[in-house]
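Reading through the structure tokens given below for one structure.
The values are calculated or read from the model by the stated rules, or taken from the named source; none is laboratory data. Worth saying up front: this structure is predicted, and the values here are computed from it rather than measured. All Cβ positions, even for glycine, are placed from backbone atoms using ideal geometry, and neighbour counts span all protein chains on display.
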Amino acid sequence: MIGTYYYPEQWPSKDWAADFKRMRAMGLRHVHMAEFAWVQLEPREGEFRFDWLDAAVDLAEANDLDIILCTPTATPPVWVALDYPDALMVRANGRRVTHGSRAQRCVNAPAFNRLAGRITTKMAQRYGQLGRVIGWQLDNEIGHYVNAPCHCPACERAFRQYLQARYGEIGTLNQAWGTDFWSQNYDSFDQIALPNPETLAYLPNEHALLDFRRFFSRSQARFLERQATLLRRHIAARAWVTHNFIAGDNQVHPRHVTGGLDLFTLTLYPVAGRFSGRTGAECFRIGDPMALAFHHDFARGHNGRWGVMEQQPGQVNWGPHNCRPFPGAVRLWLWTAVAHGAELLDTYRFRQPRCGCEQYHAGLIHLDGTSVTAGGREFSQVAAELETLAALVTAPTSSGAKMQRAAILHDWESLTALAIHPQTDRFDPVAAWLRYYAALKQLGFEVVVLSPERRRPLDLSRYAVLCVPYVDLVAPQWLAEWSRYVDGGGHLILSARSATRDRKGHFPKTRYGQWVMDLVGARLEGYDVLPVGQQGRIALPDGSTHPWEVWAEQWQPPADAEILATFGDQFYAGRAAAFQRDLGEGRLSLIGVDAAGLTERLVQTAIISRRPDRVPLPENCLFHTRGELGIFLNYADRPVRVPDHLHRGAPPLVGELNLPPAGVCIWRISGISRPDAGEASCSDTGGVL
């Protein structure tokens with residue numbers, strides 16, 4: 001389960017034997033190699049050198065280490081750039097990138113695909129049947145980072161082909177893009193250019209831009225699928241194939257990969273200067289538990305098999321400010337992944353580099369090549385703990401109280417469309433969506449993340465609560481499914497900006513918000529956003545108030561509704577900002593305002609009003625069950641005691657009930673009633689709608 005990246009090509013060969021021996025002595029079980037080694041494997045076109053990798057593979061086997069190999073296509077050699085310049089991506093400003101970094105290739109370029117396919121095939125033929133090679137990683141962190149998407153001629157040709165396949169006739173595209181607006185009409189697909197704000201005189205067509213985002217994500221997905229097909233021709237059937245997606249990268253949607261991946265893996269760097277601002281003076285050193293939990297639940301939701309391929313081992317070098325992690329934080333992150341059902345824990349990297357672009361990036365081993373870092377000690381500690389608890393971690397979920405699940409819809413297309421047209425530059429749809437997820441987690445639910453696009457049937461009645469935040473682009477059948485869910489006894493929670501447009505991004509010929517008005521049986525009077533420096537007030541039933549700035553809807557609910565929040569000022573003072581009502585056998589709650597802290601409070605109030613047994617966890621803490629274990633994780637920067645209703649007197653197997661900051665407490669739950677807070681099995685992927 002637990003292992004590390006290693007780059008034998010970056011170290012003298014005389015160091016290799018000691019490095020592999022040290023890995024195994026630290027309790028690591030596998031080693032990951034070759035992801036950036038294209039030039040060492042093919043120094044000149046058609047000239048292949050595998051002797052050095054053969055030696056590294058032999059040493060791994062000799063030290064009882066399993067092996068993950070990676071196709072090296074993220075780092076093309078200089079000869080690719082010089083001999084095949086069309087293989088390089090083009091930035092939005094029209095400039096083609098050059099050799100000297102990484103991810104400079106375009107996955108739509110025919111030359112690059114041919115060259116990438118050849119090196120992938122050669123590796124698969126040489127190592128694919130080795131018993132110790134347990135898995136293969138395709139490429140690395142697919143996409144172009146801050147330069148995405150690519151604007152090269154190959155992408156433009158492929159985009160036109162994508163549009164023709166999607167729409168069939170140019171007239172259908174014109175209708176979908178609303179090209180009668182501003183005389184943007186096209187006579188053929190060949191006339192369409194990439195929607196590039198750098199080359200346009202004013203605003204881009206937002207429907208074209210959404211299609212371009214769809215196309216770019218699917219282009220990366222199709223590249224991974226092609227690579228997987230090549231591998232599968234030669235590798236052992238028992239070996240899995242994965243790709244390490246960047247956690248939080250909204251340019252590439254993992255669910256656009258429809259085949260070829262057995263395991264979905266992530267790169268996770270919780271302390272890299274992008275802290276979201278949760279309460280606590282030291283939390284920026286420990287990480288945001290809700291963000292980490294979401295990435296885990298999101299990855300688990302693809303096909304049920306997932307892992308962490310790059311777990312931050314210490315300080316990094318590429319963040320806006322690269323602070324030192326809190327003592328114990330690396331161990332906390334690893335156990336968080338285990339609690340969410342990860343079957344793989346890996347870290348970038350074993351040894352800290354002495355030169356190159358990531359000199360300050362920590363490893364498990366210090367610069368001297370022998371001393372173990374703080375992160376290395378925590379990796380070793382988790383390896384030992386997992387060895388001791390292995391049978392309990394992997395045990396089938398024990399019987400107990402009736403399981404209840406919470407589900408949340410994550411619609412990449414809606415979130416992307418809202419980001420294209422936010423209506424206020426302070427509206428962040430991803431951050432707003434995460435507030436609903438965080439509310440569920442803080443109530444102790446183990447959350448299933450669903451996609452609203454149907455691939456297989458799903459019984460929504462399995463879920464006690466269904467959150468539908470910011471699903472703006474809807475299909476008619478989704479509204480019908482949500483209505484049936486509520487009528488059948490479910491609790492549906494909607495956000496602001498719900499169901500206002502169809503899947504093309506068009507408003508229907510109705511009043512604004514009519515679809516959701518019909519669903520909830522209330523009248524939407526309007527919405528408001530406030531300029532910088534202005535705040536409105538939301539009044540709550542207990543007499544308290546809360547500020548809002550970014551987005552708020554004014555509702556006129558029916559007489560039987562329970563008002564959760566009203567506006568305390570502005571010309572619409574007294575109007576409802578959030579309400580709920582019983583419909584059929586279930587309940588529908590609508591939270592019409594977006595504000596950090598307030599959204600979470602309103603969601604939790606709505607749930608507890610129907611499920612008073614729900615007990616919120618201590619702030620910045622998580623609780624999960626895995627196998628026969630209860631796992632409590634303290635992301636707070638203060639000591640926290642594990643609530644009695646969770647452990648119910650069971651003695652800790654790891655840690656103590658009084659947990660320090662970044663502490664972990666684990667106990668056995670077999671033979672006791674499963675606690676109310678956190679019932680869903682980590683093996684339940686939930687599928688997609």
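Remarks
- Every residue from the stretch 590-613 that is farther than 16 Å from Val529 by Cβ, part of a loop (DSSP other than H, G, I, E, B) and over 25 Å from the mean Cα position of the chain (by Cα): Arg611, Pro612, Asp613
- Filter result (more than 23 Å from the chain's Cα centre (by Cα) and assigned to a loop (DSSP other than H, G, I, E, B)) within the stretch 618-638: Pro618, Gly627, Glu628, Asp637, Arg638
- Selection count, the stretch 217-246, where residues are under 19 Å from the mean Cα position of the chain (by Cα) and buried (at least 21 other Cβ atoms within 10 Å of the Cβ): 9
- Some residue of the stretch 373-384 being in contact (Cβ under 8 Å) with a residue 40 or more places away in the chain, more than 23 Å from Glu206 (Cβ to Cβ) and loosely packed, with under 15 Cβ neighbours inside 10 Å: yes
- The listed residues are Val338, Val271, and the only one of them that is surrounded by 24 or more Cβ atoms within 10 Å (Cβ to Cβ), in contact (Cβ under 8 Å) with a residue 12 or more places away in the chain, in contact with a Pro (Cβ under 6 Å, 6 or more places away or on another chain) and over 25 Å from Pro72 (Cβ atoms) turns out to be Val271.
- Taking each residue of the stretch 185-214 that is under 16 Å from Lys504 (Cβ atoms) and looking for partners that are in a loop (DSSP other than H, G, I, E, B) and small (Gly, Ala, Ser) with beta-carbon atoms closer than 7 Å, six or more apart or interchain, yields Glu206/Gly505; His207/Gly178; His207/Gly505; Leu210/Gly505.
- Scanning the stretch 468-483 for residues that are in contact with a Leu (Cβ under 9 Å, 6 or more places away or on another chain), more than 25 Å from Val257 (Cβ to Cβ) and either without any contact (Cβ under 8 Å) to a residue 12 or more places away in the chain or surrounded by 24 or more Cβ atoms within 10 Å (Cβ to Cβ) (or both) yields a single hit, Trp482.
- Residue in the stretch 496-516 that is within 30 Å of Leu209 (Cα to Cα), free of Cβ contacts under 8 Å to residues at least 24 places away in the same chain and not in a loop (DSSP other than H, G, I, E, B) present: yes
- Residue in the stretch 163-183 that is within 27 Å of Val97 (Cβ to Cβ) and out of contact with any Cys (no Cβ under 9 Å at 6 or more places or on another chain) present: yes
- Candidates Ala228, Ala239, Ala193, Ala221, filtered to the one that is of a type in the set (A, V, I, L, M), modelled with pLDDT of 95 or more and touching a Phe, Trp or Tyr at 6+ places or on another chain (Cβ under 7 Å): Ala239
- Long-range neighbours under 9 Å by Cβ, at least six apart or interchain, first residue among the hydroxyl-bearing types (Ser, Thr, Tyr) within the stretch 607-618, second modelled with pLDDT of 95 or more: Ser609/Glu562; Ser609/Leu564; Ser609/Gln580; Ser609/Arg587; Ser609/Ser589
- Taking the listed residues Ala432, Ala419, the one that is under 19 Å from the mean Cα position of the chain (by Cα), assigned to a helix (DSSP H, G or I) and under 28 Å from Phe623 (Cβ atoms) is Ala432, with no other qualifying.
- Looking only at residues of the stretch 357-372 that are of a type in the set (Val, Ile, Thr) and more than 19 Å from Gly328 (Cβ to Cβ), we find that the one that is surrounded by the fewest Cβ atoms within 10 Å (Cβ to Cβ) is Thr370.
- Inside the stretch 293-314, residues that are within 28 Å of Ile365 (Cα to Cα), touching a residue at least 60 places away in the same chain (Cβ under 8 Å) and not in a loop (DSSP other than H, G, I, E, B) make up a count of 4.
- A search for C-beta distances below 8 Å between a residue of the stretch 60-85 that is in contact (Cβ under 8 Å) with a residue 24 or more places away in the chain and any residue that is in a strand (DSSP E or B) and among the polar types (S, T, N, Q), counting only pairs 6+ apart in sequence or on different chains, returns Ile68/Gln137; Leu69/Gln137; Cys70/Gln137; Thr71/Gln137.
- Filter pass, Leu194 being surrounded by 14 or more Cβ atoms within 10 Å (Cβ to Cβ), in a loop (DSSP other than H, G, I, E, B) and either within 28 Å of the chain's Cα centre (by Cα) or of a type in the set (Gly, Ala, Ser) (or both): yes
- Residue within the stretch 123-131 that is in contact with a Ser or Thr (Cβ under 9 Å, 6 or more places away or on another chain), in a helix (DSSP H, G or I) and of a type outside the set (Val, Ile, Thr) present: yes
- Residues satisfying the stated conditions in the stretch 542-571, i.e. assigned to a loop (DSSP other than H, G, I, E, B), in contact (Cβ under 8 Å) with a residue 24 or more places away in the chain and either in contact with a Leu (Cβ under 6 Å, 6 or more places away or on another chain) or surrounded by fewer than 17 Cβ atoms within 10 Å (Cβ to Cβ) (or both): Glu549, Pro558, Asp569, Gln570
- Subset of the stretch 544-559 (residues that are in contact with a strand residue (DSSP E or B) (Cβ under 6 Å, 6 or more places away or on another chain) and acidic (Asp, Glu)): Glu553
- When Arg91, Arg44 are checked against the criterion of being farther than 21 Å from Thr267 by Cα, in contact (Cβ under 8 Å) with a residue 24 or more places away in the chain, surrounded by 17 or more Cβ atoms within 10 Å (Cβ to Cβ) and of a type in the set (Lys, Arg), Arg91 stands alone in meeting it.
- Considering the conditions (1) at pLDDT below 95; (2) part of a loop (DSSP other than H, G, I, E, B); (3) over 18 Å from Pro661 (Cβ atoms), Gly277 is excluded by exactly one of them, (3).
- Residue list for the stretch 572-589, filter: free of Cβ contacts under 8 Å to residues at least 60 places away in the same chain, in a loop (DSSP other than H, G, I, E, B) and of a type outside the set (Phe, Trp, Tyr): Ala573, Gly574, Arg575
- Residues of the stretch 151-184 that turn out to be farther than 21 Å from Ile420 by Cβ and either touching a Gly at 6+ places or on another chain (Cβ under 9 Å) or not in a helix (DSSP H, G or I) (or both), as a count: 3
- For the stretch 436-453, filtering for residues that are more than 11 Å from Phe623 (Cα to Cα), more than 16 Å from the chain's Cα centre (by Cα) and crowded, with 24+ Cβ neighbours inside 10 Å leaves 2.
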